[in-house]
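Worksheet: one structure, shown below.
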Amino acid sequence: MLIINNAKGRLMKLLFVRFYALVAALLFTLALPVDSHSEELGKIPFSVEEGLNAIGYTEKSALPIDGLKVAIIDAGFQGYEEWAAQLPEAQKNKIRPRTEFKTESDHGFQVLRIAHKLMPKARFFLYEIPLESKIFNKAMPLIVKDISNMGVEFVNMSLGRYSSPYNGVSASTKDILQLFDKYKVFALIAAGNQRDNYHTWTINEIEKGYIKIAGADATNSYSATIHPSASKTHSLNLYWKAEPADPPVTVILGQKIDGKTQIFHKSATNGEIQLDYIANNDPPKKRKTPPGQITIRSVAPPLKDKPYVIWIQPSEQAEKFVGREMTLAVQGSARFKIVGGNDGNQSYTAYGMVESPYVMIAGAFARQAKGGKNAPAYYSSFGTTLDGNIIPHVIGPGTFIVPPDDETIQGTSFAAPFITAVLKIASREYYNPKNVAERISTHAYLTSNPQGPQRSRYGVPDGRLIFDKKALSAKLAPNKIEDVSHRIEGSDIVFSGKISRCCMEAIEAQIVVAVSQVVTKNGQKTAQAIKGMASTAEQIFTTGAKDYDKFPFELRFNASKMPADVKELVAHFAVKNPRGSWAAMIPTEKPYVFTLP
């Protein structure tokens, strides 16, 4: 009997059996490998052209994007130099590595290949960053600042973080997300490829003091089966919705050896301290842990290439957990199976836990083996946040056959370039891409089954709208200026009016007025620049709102150098990016024509 005095002065009693002892009291059955809804999920790859067709774009293989700047933040770009050496010089010059490439990972290079195939006229900025947390957290502020300095509009980031779906996001993760807000750079972050390695269930049965695991088809079993890799390590995570008076919880790992199930690891937590009991190690390892969480790092079963099982045992009052949600996750080179199937829920990256106007999470779809319809990919992570928000926000094609070797690559990272391309074109009139995605995305490109959050919050950004300006304008309505008037104050013409515009969340914008003189040529009135003076005036505005409904504005136009013979004038209005040189016209009901006194 082990007695531990916790930080709150309470005693918890944890009973541990001798390691490698036969579990005689319980007859557990190893869970058989079961694919969860495999016939419904997408597994069949696309070519890049087929991927474009799958999002409604049927015009050409490459999207008509010129001047777009995209940053790719990834773990490695091995293979880039050899590939880039074969590009025409003009295309090679549009790709700029901004950090040294040191790792053996080629994941970032594979993302670049897909993105370059889609958008050959875009400019790409490549950033390799180590995954080790301290280095990553230190490097990201420098990288995002450089991205902003380069004038980049979109970031594709594939580096996921995973944490409890019930405890909220860590301070370091919030800091990373706030960088994109600070520098006004829009990031599409891959949702993750952890679907197969997550299972979430609502606890509905306790037996002999053990929490039963309910499979996707509601079948209850005592255990889950983990299938490790003989050559690589993995970790286990158990998360649940903790309450202050919860009893201690123990996770038990056992493996069948010579026909007998033997215990090789136990981890227990009281919500503050986790104790790890490992076979032949004495005393246990001790570390701090958040409530509702047990993490077992570098699991080492005696038979490294054979499956083992996991049981979950509260020390007492196990019935207190009934009705609560629990999530089991495997990280690394292992997979697990639940009797009744894994559901993959709550598997999304921790970056999806906090809503940001400059961050969106991208999932992936592929074709079903039966019928060839588009369905969420079998690996694509998803879930629902503490605030009830579905993650991912959007979903795009993510499984491809890549020439010349017909290699199959897959992942939510490869969906991000497709989503970037559509949003860039649809958002060209200086809208917030996330707000645009909400308006132009549809679930119509996906099969209706499976249902639920795996289909993403908004659906697939609709590529059909790229060349249908009328339909796109209808989706992005209203976009107009009304109630325009002017007055003269000294040498200034002061314009006032009201702007109605969608998709402007957290966007710092300028309202611009361009003033021209009206002249008659060949019997027709036309606008002409006024010689000898500036023709525009600007006002920066930010309200933080997603949509403006008759938002008042006032523009002061300096007319001190107005030629005396200019009498009739016309004013045109636009919205402009303060950091850019282009503007998007905003229509008025009719041209605002006026005369000077």
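The values are calculated or read from the model by the stated rules, or taken from the named source; none is laboratory data. Keep in mind the model is a prediction, meaning the values are calculated, not measured. No Cβ is skipped: glycine too gets one built from the backbone with ideal geometry, and neighbour counts run over all protein chains shown. Just the protein is used for accessible areas: all its heavy atoms, side chains included, with ligands, DNA and RNA removed. Shrake-Rupley method; radii C 1.70, N 1.55, O 1.52, S 1.80 Å.
Couple of notes before you dig in:
- The Cα-based radius of gyration of segment 210-314, divided by its Kirkwood radius, gives an Rg/Rh of 0.96.
- Seen from R487, the other residues with C-beta closer than 15 Å to its C-beta sum to a net charge of -3, counting Lys and Arg as +1 and Asp and Glu as -1.
- Pair T520, K256: separation of 7 Å Cα→Cβ label points (nm): 9.8 nm
- Phi angles across segment 43-50 convert, under the Karplus curve 6.51 cos²θ - 1.76 cosθ + 1.60 with θ = phi - 60°, into 3J(HN,Hα) values of 9, 8, x, 9, 7, 4, 5, 5 Hz, Gly and Pro given as x.
- Based on alpha-carbon atoms, the Kirkwood radius and the radius of gyration of segment 384-429 give Rg/Rh equal to 1.14.
- Here segment 491-597 is assigned +1 on the Cβ of each Lys and Arg and -1 on the Cβ of each Asp and Glu. Its dipole about the Cα centre then comes out at about 300 debye.
- Considering only the chain, percent of DSSP beta bridges that pair antiparallel, nearest 5: 80 percent
- Entries in K498/K531; K43/K475; K434/K480 that, when Cα-Cα distance is taken, lie over 24 Å: K498/K531; K43/K475
- Rounded to the nearest Hz, the phi-derived 3J(HN,Hα) couplings of segment 420-430 under the Karplus curve 6.51 cos²θ - 1.76 cosθ + 1.60 (θ = phi - 60°) are 4, 4, 5, 5, 4, 5, 5, 9, 5, 8, 6, where x marks glycine and proline.
- Across q = 0.16, 0.18, 0.19, 0.30 Å⁻¹, segment 233-294 modelled as identical point scatterers on its alpha-carbon atoms has Debye log10 I(q)/I(0) values of -0.57, -0.69, -0.76, -1.29, in the order of the q list.
- Kirkwood Rh, Cα atoms: Rg over Rh of segment 387-525: 1.16
- Separation of the alpha carbons by more than 27 angstrom is noted, of K184/K470; K134/K288; K184/K546, for K184/K470.
- Among 359-367, 492-500, the order from most to least packed when residues are scored by Cβ within 10 Å on average: 359-367, 492-500
- Longest to shortest principal axis, alpha-carbon extents of segment 183-239, angstrom: 55, 32, 20
- At R0 = 22 Å, FRET efficiency that the Cβ-Cβ distance of S448 and T219 yields, to 0.05: 0.35
- Cα-based reach from K286 at 19 Å (exclusive), listing aspartates and glutamates while leaving out same-chain residues under 8 positions away: E272, D276
- A helix-only calculation puts the chain at -4000 deg cm²/dmol for mean residue ellipticity at 222 nm, using -39500 (n - 2.57) for each DSSP H run of at least four residues, averaged over all residues.
- Computed in the context of the full set of protein chains, the accessible area of segment 209-303 at 1.4 Å probe radius has 50% of its extent on carbon or sulfur.
- Magnitude of the charge dipole, the chain, Cβ model with Lys/Arg +1 and Asp/Glu -1, debye to 20: 520 debye
- Computing FRET efficiency as 1/(1 + (r/R0)^6) for I540 and K561, where r is the C-beta to C-beta distance and R0 is 30 Å, gives about 0.80.
- Relative contact order for the chain, counting Cα pairs under 8 Å that sit 6 or more residues apart, in percent: 15 percent
- Share of Cα-Cα pairs in segment 357-440 lying beyond 14 Å, as whole percent: 68 percent
- Derived from the Cα gyration tensor, the three semi-axes of the equivalent ellipsoid of segment 517-597 are 27, 15, 13 Å, largest first.
- Estimated inter-spin distance, S170 and D282, nm [label 7 Å along Cα→Cβ]: 3.4 nm
- The HN-Hα couplings worked out from phi for segment 190-206 by the Karplus form 6.51 cos²θ - 1.76 cosθ + 1.60 (θ = phi - 60°) are 4, 5, x, 10, 9, 3, 5, 10, 10, 8, 10, 8, 9, 5, 10, 8, 10 Hz, whole numbers, x standing for Gly and Pro.
- For Q346, distant residues with modelled amide H under 5 Å away: F382, G383, T384
- Principal-axis analysis of the Cα atoms of the chain puts helix 171-183 at an angle of about 10° to the longest axis.
- Axis angle, to the nearest 10 degrees, between helix 107-118 and the longest C-alpha principal axis of the chain: 40 degrees.
- Formal net charge of residues neighbouring M140 (Cβ-Cβ distance under 14 Å; K, R +1; D, E -1): +1
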